[in-house]
Amino acid sequence: MGVRRPLAAVLAAVAGFASPLVPLTVAASPAHAAPAGNRDVIVHLFQWRWESVAEECESTLGPNGFGAVQVSPPQEHVVLAGEGYPWWQDYQPVSYALDQTRRGTRAEFVDMVDTCREAGVKIYVDAVVNHMSGTGSVGSGPGSAGSTYSKYDYPGLYQSQDFNDCRRDIADWNDKWEVQHCELVGLSDLRTSSDHVRDRIADYLNELVGIGVAGFRIDAAKHIPEADVQAILSRLDDVHPDWGGGRPYVFQEVIADGTIGTGSYTPMGDVTEFQYHRDISHAFADGSIAHLTGLGGGLTPGDKAVVFVANHDTQRNDPILTHADGARYDLAQKFMLAHPYGTPKVMSSYTWSGDPRTGPPMDADGTTRPTDCSADRWVCEHRAVAGMVSFHNAVAGQGIGPSVTDGSGRLAFARGSAGYAAFNATSSAWTRTFTTGLPDGTYCDVANGTFVDGVCDAPTYQVSGGRFTATVPADGAVALHVEALTECTDPDGCGPGQPSAGDDCSAVAARFDATVTTWYGQEVRVVGSIPELGSWNPANGLRLSTDAAAYPVWTGQTALPEGVPFEYKYVKVNPDDTVEWEHGGNRWATADGGPDCSQTFTDSWRE
Ligand code: LM2
Ligand code: CA
């Protein structure tokens, strides 16, 4: 086996692929919907506008394997101009109208759900159903969609009898009845024991399911009696067939204490595990992570736990480790994605200075501005960990270990033979040779970049004899997995769909021979996931040609990087530039040039 040129160099030579910093996007093709599979990572795009969520699904979340977005509450809410439009307006519903909130219209919400579904990403709605508006909003109004209301009176929806009788703040948090029937920070507490209230809540959630929403965060679930949560969820419709039908995914916000534990709510669905949040945040904040292979031990069973480093409340009320802490916090979120316990929920924040009530970047009327990750106060820290989502997905089902440590601030571990990750929560670099269960090959370091459609925009590492040597940066990580190989050199192969060792071609002279019946004036092109095939844009696809002798066989040639898996389809382009895609799923292949560095793909149009 000769020494191959690094993948980036091959791409640069073949396609003029210049900078690894160029944002890599996957344009939509009709058949490019990512398989839903068992992708489960949630990202909370806190306070993002609907159209910004849609763009993020297409450009970043789908291609990197995120499973779902938790969006901020979509129902009509109070509008508090006098308080500078704080973020928490959303947590005071005044009706269940979806048109409109500070984040956009109902039509924009629907478009977001559809766009994200096409990108393989589910939408989970933050369902605020324990209460309506609160004491502080008396005299304000109308709501964001124009409804008039007062506390305990929401015309056409709820009147006084639909609220619990306690009508004062929760005073004794050791009294379960109070916690569930009195008011949480003065918010009018719904009588969720009544059929009328249960039906109205179910109507609202089912409207969302009808739009294609696939799951819910149940806000303040601990404040709703368990039987009432059960009764509401039992009224829900099954989710969209694209998500396989079945029950909506539900995770309940339960901040467990001595009075009410998560176990009361696990029969109805998943629960938030706040002790995990405290454990991982303190460990990384203190630089004491060597013991974390056992993270989650003694907590809610992992298959019921939603886990996070910080959420929108803790980052304000009880910050241990947040986006304000920079690299150390990113490192903790990466660790969460590498570790097997729980369903990870990645946070995506905006900054504020001083007053934690500060709303997101907004216009003068309190309407939220579109997200621009390089402007305003948007942090977009989920992008810094996007590559680790592919790690999480690739190692699913593999156990943790063996592990190595170096002092209390450094820990590395295998995830079976599918992945290996090293974490350094100290202020000095950590250089050592790690022994893995990985097949030999060249791996993309997904802790420091992404691996999308065979393109690595991060450093690569050579695993040889199962070992690799790395310098893990201060407050940094290195993570390798078998679905992000740029080259496999293992004589036993590296698993299905992985690049093969090839024959050391700097590029493969690829020829496509496609049998396609056309009418006069139509052209045929190959369109695929890599730049050489137009990155799914038919206008930039590889043009094929034919002549009287060859027809109906159309032929074209291009150079492809060896060992890089790609997907493709044939299209017919009409004289007016409209495009007809062949039917069926995407074709896929990996260029392997053989001894003469050439390869022919022989295909027939699929009707
Ligand atoms: C939650 N989970 O159980 C949310 O994660 C949390 O963000 C919500 O509080 C809370 N429950 C209610 O849904 C936020 C915010 C509160 C804010 C409420 C309601 O953290 O500060 O309370 O939303 O908007 C505000 C005022 C508070 C006032 C209350 C009622 O801050 O002083 O209490 O409204 O008017 C009189
Ligand atoms: Ca309640």
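The values are calculated or read from the model by the stated rules, or taken from the named source; none is laboratory data. The model shown is predicted, which means the values in this text are computed figures rather than measured ones. Positions of Cβ are backbone-derived with ideal geometry, glycine not excepted, and every protein chain shown enters the neighbour counts.
Scanning segment 562-585 for residues that are under 21 Å from Ala510 (Cβ atoms) and touching a Gly at 6+ places or on another chain (Cβ under 8 Å) turns up Glu562, Gly563, Val564, Pro565, Phe566, Glu567, Tyr568, Lys569, Val571. Being within 16 Å of ligand 2 (Cβ to nearest atom), assigned to a loop (DSSP other than H, G, I, E, B), more than 17 Å from Thr314 (Cα to Cα) and touching a helix residue (DSSP H, G or I) at 6+ places or on another chain (Cβ under 9 Å) is a condition met by at least one residue of segment 247-261.
Tell me, which residue of segment 158-176 that is of a type in the set (S, T, N, Q) and more than 16 Å from ligand 1 (Cβ to nearest atom) is surrounded by the fewest Cβ atoms within 10 Å (Cβ to Cβ)? Talk me through it step by step, then tell me what you get.
Residues of segment 158-176 that are of a type in the set (S, T, N, Q), as a first pass: 159-161, 164, 174.
Filter once more, so that each one left must be more than 16 Å from ligand 1 (Cβ to nearest atom): 159-161, 174.
Details: Gln159: 12, Ser160: 12, Gln161: 11, Asn174: 9.
Out of the qualifying residues, it is Asn174.
For segment 116-145, a tally of residues being away from ligand 2 (no atom under 16 Å from the Cβ) and either free of Cβ contacts under 8 Å to residues at least 60 places away in the same chain or closer than 23 Å to Leu236 by Cα (or both) returns 13. Against the criterion of being within 14 Å of ligand 2 (Cβ to nearest atom), in contact with an Asp or Glu (Cβ under 7 Å, 6 or more places away or on another chain), touching a residue at least 60 places away in the same chain (Cβ under 8 Å) and outside the structural domain of Gly407 (by TED's automatic domain parsing), Ile224 does not qualify.
If we keep just the residues of segment 159-173 that are touching a helix residue (DSSP H, G or I) at 6+ places or on another chain (Cβ under 7 Å) and touching a residue at least 12 places away in the same chain (Cβ under 8 Å), which is nearest to ligand 2 (Cβ to nearest atom)? Explain how you work it out, then say what you get.
The first filter runs over segment 159-173 and keeps only residues touching a helix residue (DSSP H, G or I) at 6+ places or on another chain (Cβ under 7 Å), leaving 162, 164, 166, 170-173.
Okay, now just the ones that are also touching a residue at least 12 places away in the same chain (Cβ under 8 Å), so 162, 164, 166, 170, 173.
Details: Asp162: 12, Asn164: 6, Cys166: 9, Ile170: 9, Trp173: 13 Å.
Residue satisfying both the conditions and the ranking: Asn164.
Checking each residue in segment 148-157 for being touching a residue at least 40 places away in the same chain (Cβ under 8 Å) and within 16 Å of ligand 1 (Cβ to nearest atom) picks out Tyr149, Tyr154.
Being without any contact (Cβ under 8 Å) to a residue 40 or more places away in the chain and within 16 Å of ligand 1 (Cβ to nearest atom) is the requirement here; does Asn317 meet it?
Details: without any contact (Cβ under 8 Å) to a residue 40 or more places away in the chain: yes; within 16 Å of ligand 1 (Cβ to nearest atom): yes.
Here the answer is yes, as Asn317 does meet what is asked.
Given the condition acidic (Asp, Glu), out of contact with any Ser or Thr (no Cβ under 7 Å at 6 or more places or on another chain) and surrounded by fewer than 21 Cβ atoms within 10 Å (Cβ to Cβ), answer yes or no: does some residue in segment 92-112 qualify? Yes: segment 92-112 contains one or more residues that are acidic (Asp, Glu), out of contact with any Ser or Thr (no Cβ under 7 Å at 6 or more places or on another chain) and surrounded by fewer than 21 Cβ atoms within 10 Å (Cβ to Cβ). Evaluated against (1) under 23 Å from Ala97 (Cα atoms); (2) within 13 Å of ligand 1 (Cβ to nearest atom); (3) surrounded by fewer than 20 Cβ atoms within 10 Å (Cβ to Cβ), Ile224 falls short on exactly one condition, (3).
Can you pull out every residue in segment 464-491 that is among the charged types (D, E, K, R) and at pLDDT below 95? Scanning segment 464-491 gives Glu487, Asp490.
From the list Val179, Val229, Val213, the one residue that fits, being aliphatic (A, V, I, L, M), buried (at least 17 other Cβ atoms within 10 Å of the Cβ) and more than 26 Å from Thr135 (Cα to Cα), is Val213.
Residues in segment 323-343: is at least one more than 18 Å from Ala474 (Cα to Cα), in a strand (DSSP E or B) and not assigned by TED's automatic domain parsing to the domain that holds Ala412? Yes: one or more hits.
Rundown of residues vs (1) part of a strand (DSSP E or B); (2) under 23 Å from Asp242 (Cβ atoms); (3) within 16 Å of ligand 2 (Cβ to nearest atom), yes/no style:
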residue: Ala54; (1), (2), (3): no, yes, no
residue: Ser59; (1), (2), (3): no, yes, no
residue: Pro63; (1), (2), (3): no, yes, no
residue: Val69; (1), (2), (3): yes, yes, no
residue: Gln89; (1), (2), (3): no, no, no
residue: Ser95; (1), (2), (3): no, no, no
residue: Leu98; (1), (2), (3): no, yes, no
residue: Asp114; (1), (2), (3): no, yes, no
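Applying the selection to segment 174-212, what residues are away from ligand 2 (no atom under 13 Å from the Cβ), among the polar types (S, T, N, Q) and either under 33 Å from the mean Cα position of the chain (by Cα) or not in a loop (DSSP other than H, G, I, E, B) (or both)? Correct list: Asn206 only. Among the residues of segment 269-289, are any surrounded by fewer than 20 Cβ atoms within 10 Å (Cβ to Cβ) and β-branched (Val, Ile, Thr)? Taking every residue of segment 269-289 in turn, none turns out to be surrounded by fewer than 20 Cβ atoms within 10 Å (Cβ to Cβ) and β-branched (Val, Ile, Thr). Name the single residue, out of those in segment 98-147 being within 16 Å of ligand 1 (Cβ to nearest atom) and among the hydroxyl-bearing types (Ser, Thr, Tyr), that is farthest from Glu58 (Cα to Cα). Taking the candidates together, the pick is Thr135. Contact map, segment 199-221: residues that are among the polar types (S, T, N, Q) paired with residues that are more than 16 Å from ligand 1 (Cβ to nearest atom), Cβ distance under 6 Å, separation 6+ or inter-chain. Pairs shown: Asn206/Asp237.
Select from segment 460-473 the residues that are farther than 18 Å from Ala338 by Cα and in a loop (DSSP other than H, G, I, E, B) and list them in ascending order. Once the filter is applied, which keeps residues that are farther than 18 Å from Ala338 by Cα and in a loop (DSSP other than H, G, I, E, B), segment 460-473 yields Gly465, Gly466.
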